[in-house]
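To start, the structure under review is shown below, and the notes come after it.
What follows is calculated from the coordinates using simple rules that are stated; it is not laboratory data. None of these values were measured; they are calculated from a predicted model. Neighbour counts run over all protein chains shown; Cβ positions are idealised from the backbone, glycine included.
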Amino acid sequence: LKNRMYSTAAVPHNLQGGEIFPAEPSRYYAAILAKNGASIVTCRIITNRVRKDLGGDSAHMVIYDLEDYGVQNYLDQLVEGIRCYGSKAACPIELTLPGQSMPGMPSSMAMPGAGGARGDMPVGGPPEGGMPGGEGQGRGMPGDIGSIMASLSSPPQEISAEVSQELIETAVTKAKFYQTHGFEVASLRIPNVKDRVKFGIELYSAIKKACGQDFLIESPITVIDPSVKSSETSSAYTLDEAVALAKSWEGLADILQIRVSGGTANHPDGYNQEKNKPLPLRFAQAIKESGAKIIAAPNGGFNNLDFNEECIATGKIDMIAMGRPFIADWEYAKKAYEGRGEDTVPCIMCNKCHGSQSAPWISICSVNPRMGIDSAVRAIDSPSAIKKVAVIGGGPAGLRAAVTAAERGHNVTLYEKNDFLGGQAVHADYSPFKWPLKDFKDYLIRQAKRLGVEILLKTPATPDMIKAKGYDAILVAIGS
C-alpha cells in the first residue's frame, strides 16, 4: 500500500442520479479519493434495488445493475480511476443470514470470468443458478445497509453447516467477480452467527484460496465501549473477544477495521468525542499491543493529520480508516506529503456528507464547497488577471471568501468592524463540545494570514472608504 490511510465506504448518498451504472460523478469521486491519498478506496456498491420502492435517503443512493455488461464496463472504469493513482479498489461484500433482507446483488451473478471488459463470459449472459437473492428482495433499505442494520439489531444466530457453506460460496463468488474487474481488496463484515471466529476462519480461508494471498481482506468489527449506550451490543465484541479474534484470523484477514458500538460513536462529533481522543484508538492499540499479526485500523474521528501521523509514528497503531477527512479537503494527500498538517481543512463532523433528507438532492460538505458540484467547479477558468478585492466581514463566510480569492492569486483586503475575526463562530471558543467549529475558525484565520490577506480590524467599511480604494470586486459577507 502506498501509505497507511485508506477510505471506508463513506460515499455521499446523493452523489449521482438514477443511472444504473457508476456515473461520471461516482467515477470522478473515487479517483479524487485515490489522488487525495487513500491507499485503498472502498466503493459503495448496491445492486438490484427498485428505486421507486425505496423511500427517504435510501432512494438517493447509488444502485447498479451489474448483470449488464455495459454497467460492468463502467465498473472497470471506476476501478481504473482508482488504480491510476497507485491505490487499490475495495469492494464491500455483505452476507445475509436466513430471514434477513438480501444485500443487493444480481440474481444470476456469474462465477469468475464474468465481466464484460475483463472477463470471458459466454455470449447470452451470466449462467443460471449463480448468486442467491435478487430482484424484489429486501426492499425498503439498500442491500448492504439493510443487511448490516438487521444483523446488528438481532441476537447471534445458529446456522446449519449447509447454510454456512452457502454463505461462504456466495462470498467467494462475489469476491471472484470483483477480482475479475480489477478489485484487489474485499471488505467483509462477518454476519452475526454464534461462532463468528470459526466462521471467519472458514470464510476468509475460502476467499484466500480462491483469489490468492495478494487479494486483501478487510474485516470491519464493532467493539463494545462501556461508556457508549448502544443497541448493537448483541453483535459487538468485547475487547478480549476482539483480541482473540485478531489472533485467530492471522494470515487470513489482513486488516481489522475497528469501530465502536453506537451509531453516533461510529460518526463522532464534538458532543461525543474529545479533541484528539478518538474512541476506537485504545481498542486498536490494545490489539496491536497483544502481538496479533494483523493490521488494526481504527475508524472514526481521525480528522487531524498531525495527530494521525503521531499515532502511526509512535507505533500506537498501524493504519487508519477514514471517511470524512478525505471529503473535507481534496488536497489532503498533497498537504500530507508536504508536511503541511496545519493547512488541511478541518472536518467539522456535521455529517451532511451522508446526505440530506430533503431537497435539494445534492451531496454537500460544510467546509468543501466543491463537493457535489464537481462539473461546475471544473468549468471555472483560472484568473486571467490579478484583481484588487475587498471582503467586508471577517466571519466564516468572509474569511473563506478572502482565502479563496487569495488562493487564486488576487490581492485581498478584509474589513472587520470588531477587534477579532471569526464572527459568530467565536462562541465556539467558550463551548468545549464545539471544538470542531473552533478548529475550523482558527484554520480560516490562519490561512488568511498565511496567504497575505490584508486584515483591517476595528475598521467598519463605508461606501466612501471602499470607493476611494478603487477595488475591482467587493464581496460582502456581513452575516445576518
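Per-structure values
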| item | result |
| --- | --- |
| Cα Rg, Dmax (largest Cα-Cα span) when computed across region 271-413, Å | 18.7, 60 |
| Region 310-441: relative contact order in percent, alpha carbon pairs under 8 Å with at least 6 residues between | 18 |
| Per-q log10 I(q)/I(0), region 12-89, q = 0.14 Å⁻¹ (Debye; single scatterer per alpha-carbon; no solvent) | -0.44 |
| Gain on full stretching of the segment that runs from residue 473 to residue 342 - 0.36 nm per residue minus C-alpha separation | 44.2 nm |
| Convex hull of Cα atoms in region 326-480, direction-averaged projection (nm²) | 10.8 |
| Simple spin-label estimate for residue 69 and residue 214 in nanometres, 7 Å along Cα-Cβ | 2.8 |
| Potential extension, residue 198-residue 331 segment - 0.36 nm per residue separation minus Cα distance | 43.7 nm |
| Two-site FRET efficiency, residue 24 against residue 2, from Cβ-Cβ distance with R₀ of 35 Å, rounded to 0.05 | 0.90 |
| Residues with amide H under 5 Å from that of residue 455, placed H, sequence gap 5 or more | 414 |
| Net charge over other residues, Cβ less than 9 angstrom from the Cβ of residue 425 (K, R count +1; D, E count -1) | +2 |
| Under 25 Å from the Cα of residue 352 - lysines, other chains or at least 8 residues apart | 35, 52, 229, 275, 277, 334, 335, 434, 438, 441 |
| Computed FRET value (nearest 0.05) for residue 160 with residue 417, which takes r as the C-beta separation and R₀ as 60 Å | 0.25 |
| Cα-based shape type of region 286-356, given that a ≥ b ≥ c are square roots of the gyration tensor eigenvalues and the cut on a/c is 1.5 | oblate |
| In Hz, Karplus ³J(HN,Hα) per residue of region 49-62 (6.51, -1.76, 1.60; θ = phi - 60°; x = Gly, Pro) | 10, 9, 4, 5, 8, 9, x, x, 4, 4, 6, 10, 7, 6 |
| Mean-position separation - Cα centroids, region 43-94 and region 277-303, in angstrom | 29 |
| Around residue 472: net Lys/Arg minus Asp/Glu count, Cβ-Cβ under 11 Å | +3 |
| Hz values of 3J(HN,Hα) by residue in region 420-437 - Karplus curve (6.51, -1.76, 1.60), Gly and Pro given as x | 8, 9, x, x, 5, 5, 4, 5, 5, 5, 10, 10, x, 6, 9, 4, x, 6 |
| Under 11 Å, Cβ to Cβ, from residue 37 - net charge with Lys/Arg +1 and Asp/Glu -1 | +3 |
| Estimated FRET transfer efficiency when R0 is 41 angstrom, pair residue 449-residue 361 (beta carbons, to 0.05) | 0.60 |
